[in-house]
Amino acid sequence: MGKGPGLYTDIGKKARDLLYKDYQSDHKFTITTYSPTGVAITSSGTKKGELFLADVNTQLKNKNITTDLKVDTASNLFTTITVDEPAPGLKTILSFKVPDQRSGKVELQYLHDYAGISTSVGLTANPIVNFSAVIGTNVLSLGTDLSFDSKSGNFTKCNAGLSFNNADLIASLNLNNKGDSLAASYYHFVNPLTAVGAEVIHSFSTNDNTITVGTQHILDPLTTLKARVNNAGIASALIQHEWRPKSLFTISGEVDTKAIEKSAKFGLALALKP
C-alpha cells in the first residue's frame with residue numbers, strides 16, 4: 001500500500017481491475033518501439049466486428065515533462081502534456097483534441113500523506129469544472145467527486161466514496177449518480193497466488209441489483225487466469241501470458257449461461273514491447 005489515501009479514482013480500483021480489466025470481445029494488436037533518442041512510438045489496431053480502428057501514439061520525455069501525441073483513423077489529434085512534480089506531490093496535466101476546440105482541459109493533482117486532490121477546468125468560456133478530494137490514510141479514507149457545468153449552473157456529477165484497506169483485504173462503498181445508485185466492492189487475497197473480488201450495484205430508482213463476482217489466479221510467474229460471472233448469467237474468463245518482459249498475449253471469452261445456444265464471444269489481444 002502507498003503512504004497516502006491516493007486519488008478518488010483509486011477507491012475500489014483493485015476490485016474493478018480484477019472484475020473488468022483485460023476482458024474484451026475484440027481483436028487488438030499493439031506494438032511499441034523506441035527510437036535511439038528514447039521516443040516511444042506505440043501503434044495499435046482494434047477489429048470490432050467489421051470495423052477496424054487504429055491509432056499511433058508518440059511519447060516524448062524531457063526531465064519531468066511527458067508529451068503524448070496520438071492520431072487515430074478519424075484524423076483526430078490528441079495531445080497530453082504532463083508535468084510531474086513541479087512542486088512536491090503536485091502533477092499538472094494539459095490535454096486537448098484537434099479539431100475539437102472545446103476539448104481543452106487543465107488538470108491539477110496533489111498527493112499528500114493524508115489527502116489526495118484532483119481538479120480540472122475546461123478551457124472554454126463556460127467550462128465544466130471537476131473536483132475530487134480524498135482524506136484519510138492508506139487504511140481508511142473518505143472522498144467526494146463533483147462536476148459542475150458553469151453554463152447551466154448545475155452539478156452534473158455528485159459522488160461520494162469510502163474505502164478500507166489492509167494487507168489482504170480492500171473494501172469500498174460508493175454513492176453515485178447523485179445518490180441514485182450505491183456500489184459496494186470487495187477485494188481479498190486468499191493466498192499469494194489467488195485473489196477474489198465482488199461488486200454489488202443497487203439502483204434506487206429502478207430497484208435493480210447488479211452482482212458480479214470474480215477470481216484471479218497466478219498459474220506461474222508469467223501466466224494469469226481470471227474468471228467472472230454476474231447475476232444476468234454472463235460468464236467470462238481470460239488467460240494472460242507474458243511471453244517476454246512487458247509483452248502480453250491475452251485470450252478472453254464470454255458466454256451467456258442462460259442462452260447456451262447463442263455463440264460465445266472471443267477476444268484476442270497482443271501487446272509487444274522491446
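The values are calculated or read from the model by the stated rules, or taken from the named source; none is laboratory data. Owing to the predicted nature of the structure, the values given are computational and were not obtained by experimental measurement. Reconstructed Cβ throughout: ideal geometry from the backbone, glycine too, with neighbour counts over all protein chains shown. Keep in mind that these areas ignore ligands, DNA and RNA; they rest on the heavy atoms of the full protein, side chains included. Shrake-Rupley method; radii C 1.70, N 1.55, O 1.52, S 1.80 Å.
Can you work out the accessible area per residue across region 1-124, with the rest of the protein chains kept in place, probe 1.4 Å, in square angstrom?
In whole numbers, region 1-124 has 62 Å² accessible per residue.
So which aspartates and glutamates can LYS265 reach, going by Cα to Cα under 18 Å and dropping same-chain residues fewer than 8 places off?
ASP22, ASP26, GLU50, GLU254, ASP256
So what are the radius of gyration and Dmax for the Cα set of region 86-130, in Å?
Final numbers for Rg and Dmax: 12.4, 40 Å.
Place a point 7 Å from the Cα of SER103 along the Cα-to-Cβ direction; which residues of region 73-88 have their backbone N under 12 Å from it?
Residues 73-80 fall inside that zone.
Would you mind working out the magnitude of the charge dipole of the chain relative to its Cα centre, with +1 at each Lys and Arg C-beta and -1 at each Asp and Glu C-beta, to the nearest 20 Debye?
380 debye
Please give me, ordered by residue number, the trypsin sites (Lys or Arg not before Pro) of region 201-258 that lie in loop per DSSP and have at most 12 other Cβ atoms within 10 Å.
For trypsin sites (Lys or Arg not before Pro) across region 201-258 that sit outside H, G, I, E and B with at most 12 neighbouring Cβ atoms in 10 Å, the list reads LYS246, LYS258.
I'd like the Karplus ³J(HN,Hα) series for region 57-67: coefficients 6.51, -1.76, 1.60, θ = phi - 60°, whole numbers in Hz, and an x wherever there's a Gly or Pro.
10, 10, 10, 10, 10, 9, 6, 9, 10, 10, 10
Quick one: P(r) of region 27-179 from all Cα-Cα pairs, 10 Å bins, percents rounded to integers, in order of increasing distance.
10, 25, 30, 30, 5, 0
So, counting K/R as plus one and D/E as minus one, what does the shell of residues with Cβ under 13 Å around GLY214 add up to?
Result for the neighbourhood of GLY214: +1.
Tell me, what ³J(HN,Hα) does each residue in region 109-124 have, in order and in whole Hz, if you take phi through Karplus 6.51 cos²θ - 1.76 cosθ + 1.60 with θ = phi - 60° and put x for Gly and Pro?
10, 9, 10, 10, 4, 10, 7, x, 10, 9, 9, 9, 9, x, 8, 9
Quick one: Cα convex hull volume of the chain, Å³ per residue?
Cα convex hull per residue, to the nearest whole number: 170 Å³.
Taking +1 at the Cβ of each Lys and Arg and -1 at the Cβ of each Asp and Glu, which of TYR23, LEU162, LEU123 sits farthest along the dipole of the chain towards its positive end, judged by Cα position relative to the Cα centre?
Of TYR23, LEU162, LEU123, it is LEU123.
Would you kindly state how much longer the chain becomes between ILE251 and ASP72 on full extension, computed as 0.36 nm times their sequence separation minus their alpha carbon distance, in nm to one decimal?
62.0 nm
Taking a probe of 1.4 Å, how large is the accessible area per residue of region 126-254, in Å²?
Here the per-residue accessible area is 54 Å².
In whole angstrom, note down how far apart the Cα centers of region 63-87 and region 211-254 are.
30 Å
Comparing ASN165, ASN57, ASN126, which has the greatest mean-square fluctuation in the GNM of the chain with Cα pairs linked when under 10 Å apart?
For the chain, modelled as a Gaussian network with Cα springs under 10 Å, the answer is ASN126.
Which of the lysines could a cross-linker bridge to LYS258, judged by Cα under 22 Å and excluding same-chain residues fewer than eight apart?
In chain and number order, the partners are LYS226.
For region 1-98, with the dipole built from +1 on Lys and Arg beta-carbon atoms and -1 on Asp and Glu ones, taken about the Cα centre, which of GLY12, THR42, LEU94 lies farthest toward the positive end?
Positive-end residue among those listed: GLY12.
Carbon and sulfur together cover what percent of the accessible area of region 85-184 at a 1.4 Å probe radius?
63 percent
Express in Å², to the nearest 10, the accessible area of ARG244 obtained by rolling a 1.4 Å probe over the protein heavy atoms while all chains stay in place.
About 100 Å², ignoring ligands and nucleic acids.
Would you kindly derive the ³J(HN,Hα) couplings of region 17-24 from the backbone phi angles with the Karplus curve 6.51 cos²θ - 1.76 cosθ + 1.60 (θ = phi - 60°), listing them in order in whole Hz, with x for Gly and Pro?
Once rounded to whole Hz, the list reads 4, 5, 7, 10, 5, 6, 6, 6.
List the chymotrypsin sites (Phe, Trp or Tyr not before Pro) in region 181-274 that DSSP assigns to loop (not H, G, I, E or B) and whose Cβ has at most 13 other Cβ atoms within 10 Å. Which are they?
PHE204
Taking a 23 Å limit on the Cα-Cα distance, which of the listed pairs LYS97/LYS178; LYS13/LYS97; LYS48/LYS178; LYS3/LYS91; LYS47/LYS262; LYS13/LYS273 fall beyond it?
LYS97/LYS178; LYS13/LYS97; LYS48/LYS178; LYS13/LYS273
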